[in-house]
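I have placed the structure first, in the form of C-alpha cells, so that the comments after it can refer back to it.
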Amino acid sequence: MRDSFGQLWRTVSDTTRLDPVQIQDLMAYGTLLNTNAALATAGIDADWASQTTC
C-alpha cells in the first residue's frame, strides 16, 4: 500500500509539476470526491452531506 501511494505521488508530481502542498490539496480533494461517491452523499438530505459536495 505504501509503495502504491508513493508511486501515485511520484506520478502526479512528475506529470503535473505541482509543488507538494498543491499535491496534498489535490489528493485531499480526490479523497473527498471518492468518499462522497461511496456514501452517495448527493442523495442524503442532511447538512453535513450538502457541505461535503463539490
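Bear in mind that the values in this text are calculations on the coordinates, not laboratory data. This structure is a prediction, so every number in the text was calculated from the model and none was measured. Note: ideal-geometry Cβ built from the backbone for every residue, glycine included; neighbour counts use all protein chains shown.
Side notes on the structure shown:
- Here the Karplus relation 6.51 cos²θ - 1.76 cosθ + 1.60, evaluated at θ = phi - 60°, turns the backbone of the stretch 18-26 into coupling constants of 6, 7, x, 5, 5, 5, 4, 4, 4 Hz, with x for every Gly and Pro.
- Taking other C-beta atoms within 10 angstrom as a stand-in for reagent exposure, Arg10, Arg2 fall in the order Arg2, Arg10, fewest first.
- Added length on full extension, which subtracts the Cα-Cα distance from 0.36 nm per residue, Ala40 to Leu8: 9.0 nm
- Restricting the calculation to Cα atoms, every distinct pair contributes to the Kirkwood radius of the stretch 2-52, found to be 12.5 Å.
- Computed E for Asp47/Gln22 - FRET, C-beta separation, R0 30 angstrom, nearest 0.05: 0.55
- Test item: Cα-centred dipole of the chain, Lys/Arg +1 and Asp/Glu -1 on Cβ, debye: 200
- The residue among Met27, Gln51, Leu8 whose Cα reaches farthest toward the positive pole of the charge dipole of the chain, with charges on the beta-carbon of Lys, Arg, Asp and Glu, is Leu8.
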